[in-house]
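Read the structure below first, then the notes.
The values are calculated or read from the model by the stated rules, or taken from the named source; none is laboratory data. Note that the structure is a prediction, hence the values are computed from the model and not measured. When we count neighbours, we look across all protein chains shown, and the Cβ atoms used for this are built from the backbone with ideal geometry, even at glycine.
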Amino acid sequence: MFNAIARRYDLANHLLSCGADFYWRNRAATIVANWRPVQIVDLATGTGDLAFALSRKLPQAEITGVDFSEEMLARARAKGLSRTILADAMQLPFASASVDCVTIAFGLRNLPDYGGGLREMQRVLNPGGHLLVLEFSLPRVPMLRAIYRFYLHRCLPAVGSLLTGERSAYQYLGDSIEQFPGGDAMLHLLEQSGFRDARGESLSGGIVTIYTAAKPL
Ligand SMILES: C[S@@+](CC[C@H](N)C(=O)[O-])C[C@H]1O[C@@H](n2cnc3c(N)ncnc32)[C@H](O)[C@@H]1O
């Protein structure tokens, strides 16, 4: 599915979010910059947009983009991401306790086992290292939630299909956002997966949330 949409992925992202995705990744990169990590692994990096936002804030950091879609990584490399690894986020090719920071934007939702994926991220982090998850969520305000659900299930598949020719990918997007644990459930999952200091920051009325957590020292 991700190979099939890779060619038009960036355009679809920017149009379907009305450009808000630049702001979301920029906010995520600002948070990561405050941790001053040296080695960063950006999981499910796709075409690399979070990795690029990170490298603008942290020009000295060593940022590696990981994805299991060769088409997505080819786009990321064409855009200038020099360190990429083709790998499954569920089985990372990194030693335990070897990186300072793991980021994952709009990727955790796609993993077959959220807890298993988070435990794998926890494994590769150094003690005291940080995790940042940027992910879609559902607004808490009922009226906003209803409007957003209409957009997710009625508008998004139609527009996504026009842009990429892959209607099912955008039907899947809405369904996976509905199924993904949000708010306190996500904070609980992070703590259960071995992280501490789990926090969430809602953006854009709650349609996106940034979760942060740390590996215990
Ligand atoms: C919605 S895109 C997000 C891309 C990018 N992080 C962004 O912010 O635009 C999801 C990405 O996750 C990747 N992905 C999904 N499951 C994966 C897995 N198990 N291991 C590695 N990458 C995965 C897909 O190939 C795709 O590039």
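The residue that is surrounded by the fewest Cβ atoms within 10 Å (Cβ to Cβ), among those in the range 35-53 that are within 15 Å of the ligand (Cβ to nearest atom) and in a helix (DSSP H, G or I), is Phe52. Can you tell me which residue among Ala78, Ala87, Ala95, Ala74 is touching a Pro at 6+ places or on another chain (Cβ under 8 Å), surrounded by fewer than 18 Cβ atoms within 10 Å (Cβ to Cβ), of a type outside the set (Asp, Glu) and over 17 Å from Leu190 (Cβ atoms)? Just a single option satisfies the conditions, and that option is Ala87. Just name the residue that is surrounded by the fewest Cβ atoms within 10 Å (Cβ to Cβ) out of those in the range 98-121 that are within 11 Å of the ligand (Cβ to nearest atom) and among the charged types (D, E, K, R). Selected residue: Asp113.
Picking from residues in the range 12-34 that are assigned to a helix (DSSP H, G or I) and farther than 15 Å from Ile210 by Cα, the one that is modelled with the lowest pLDDT is Ala12.
Taken over the range 129-143, the residue count meeting the criterion of being aliphatic (A, V, I, L, M) and closer than 13 Å to Leu43 by Cβ is 4.
Search the range 205-217 for residues being under 16 Å from the mean Cα position of the chain (by Cα) and not β-branched (Val, Ile, Thr), and hand back the single one that is surrounded by the fewest Cβ atoms within 10 Å (Cβ to Cβ). The selected residue is Gly206. Residue check: Arg140 meets all listed conditions (1) farther than 17 Å from Leu187 by Cα; (2) at pLDDT below 95 but one, namely (1).
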